[in-house]
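Report on the structure given below.
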Amino acid sequence: GAVVSQHPSWVICKSGTSVKIECRSLDFQATTMFWYRQFPKQSLMLMATSNEGSKATYEQGVEKDKFLINHASLTLSTLTVTSAHPEDSSFYICSARDEVTQGGYTFGSGTRLTVV
Amino acid sequence: RKEVEQDPGPFNVPEGATVAFNCTYSNSASQSFFWYRQDCRKEPKLLMSVYSSGNEDGRFTAQLNRASQYISLLIRDSKLSDSATYLCVVNTRGAQKLVFGQGTRLTINP
């Protein structure tokens, strides 16, 4: 089935630095990928929809200048958390769907970000 | 009002018991419905899609009531390995994004 690879699995960074998270579709092409954030004991909240070759669509309340998304190819989307602060510490998960087979949405394994 | 609402639990039931989860959604244009399972500190994984006619996959049965905008999941003969958080997920017609409920935490006790 469709596989989505997300890297890194976890990262600890200092406040004020930037962190890049990669999401790759390994065996299918994805014109659209999704970035979610999950705080402890809460559900996944969609942050933005990443569109290959065009600008991402951000959900209300998500700062596009802080969470930079680049979807330069049909198999890779990146999320960069710029000038990270402790309140950005969270579990970030990407998702994609094989649009050819119209299968279910597959999630990456997630990135646990801790900002100290 | 949240777009997808679930009882967060936690549910603690003995092994072998039958347990049911409910979920309601507010957007009548919702088209696709899913139950996902999420283990602690892991990504969600698709458990099953939910169809209008109801569907069953082994010990798991999902039901959809469009008139009431209500989705359910029934787990029979529960196993220790069923312990997880179960997420009710909805997809709206014409939109690609998924909307997640808060999740219901289930613990199966030996």
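The values are calculated or read from the model by the stated rules, or taken from the named source; none is laboratory data. Since this is a predicted model, take the numbers as computed values, not measurements. Because the Cβ atoms are built from the backbone with ideal geometry, glycine has one as well, and the counts that use them run over all protein chains shown. These accessible areas exclude ligands, DNA and RNA; they are computed on the full protein's heavy atoms, side chains included. Shrake-Rupley method; radii C 1.70, N 1.55, O 1.52, S 1.80 Å.
Summary table
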{"read-out": "Between B and A, accessible area buried - total, square angstrom, nearest 100, 1.4 angstrom probe", "value": "1400"}
{"read-out": "Averaged over B:13-19, number of beta-carbon atoms from partner chains that fall within 10 Å", "value": "0"}
{"read-out": "Ranked by how many other beta carbons lie within 10 Å on average, peptides A:9-18, B:78-87 from highest", "value": "B:78-87, A:9-18"}
{"read-out": "Set of aspartates and glutamates near residue B:97 by C-alpha distance (under 20 Å), chain-local residues within fewer than 8 positions excluded", "value": "A:22, A:52, A:59, A:63, A:98, A:99, B:3, B:5, B:43"}
{"read-out": "For the range B:29-49, residues shielded by at least 30 square angstrom of accessible area compared with the chain on its own, probe 1.4 Å", "value": "B:36, B:38, B:41, B:43, B:44"}
{"read-out": "Estimated FRET transfer efficiency when R0 is 45 angstrom, pair residue A:72-residue B:17 (beta carbons, to 0.05)", "value": "0.35"}
{"read-out": "Reachable lysines, given that their alpha-carbon falls under 30 Å from the alpha-carbon of residue A:14 and they are not under 8 places away in the same chain", "value": "A:41, A:55, A:64, A:66, B:42"}
{"read-out": "Pair residue A:102, residue B:80: separation of 7 Å Cα→Cβ label points (nm)", "value": "4.2"}
{"read-out": "Förster radius 25 Å - calculated FRET efficiency between residue B:2 and residue A:51 (Cβ-Cβ, nearest 0.05)", "value": "0.40"}
{"read-out": "Calculated FRET value between residue B:49 and residue A:15, using beta carbons and R₀ = 30 Å, to 0.05", "value": "0.10"}
{"read-out": "Charged-residue dipole, Cβ positions (Lys, Arg, Asp, Glu), chain B about Cα centre, Debye nearest 20", "value": "300"}
{"read-out": "About the Cα centre, charge dipole magnitude for the range A:54-106 (Lys/Arg +1, Asp/Glu -1 at Cβ), debye", "value": "140"}
{"read-out": "Chain A - charge dipole about Cα centre, Lys and Arg +1 at Cβ, Asp and Glu -1, debye rounded to 20", "value": "280"}
{"read-out": "Considering only the protein assembly as shown, percent of DSSP beta bridges that pair antiparallel, nearest 5", "value": "90"}
{"read-out": "Positive-end extreme of charge dipole, the range B:15-110 - chosen from B:29, B:106, B:17 (charges on Cβ)", "value": "B:29"}
{"read-out": "Extreme residue, positive dipole direction of chain A, given options A:5, A:106, A:85 (C-beta unit charges)", "value": "A:85"}
{"read-out": "Label-point separation, residue A:5 to residue B:109 (7 Å along Cα→Cβ), nm", "value": "4.4"}
{"read-out": "For chain B, cysteines whose Cβ has no other cysteine Cβ within reach (under 4.7 Å)", "value": "B:40"}
{"read-out": "Net charge of neighbours whose Cβ lies under 10 Å from the Cβ of residue A:71, counting Lys and Arg as +1 and Asp and Glu as -1", "value": "0"}
{"read-out": "Net charge of neighbours whose Cβ lies under 12 Å from the Cβ of residue B:38, counting Lys and Arg as +1 and Asp and Glu as -1", "value": "+4"}
{"read-out": "Cysteines (scope chain A) whose Cβ has no counterpart Cys Cβ under 4.7 Å", "value": "A:13"}
{"read-out": "Dipole-positive endmost among B:96, B:78, B:8 within chain B (Cβ charges, Cα centre)", "value": "B:96"}
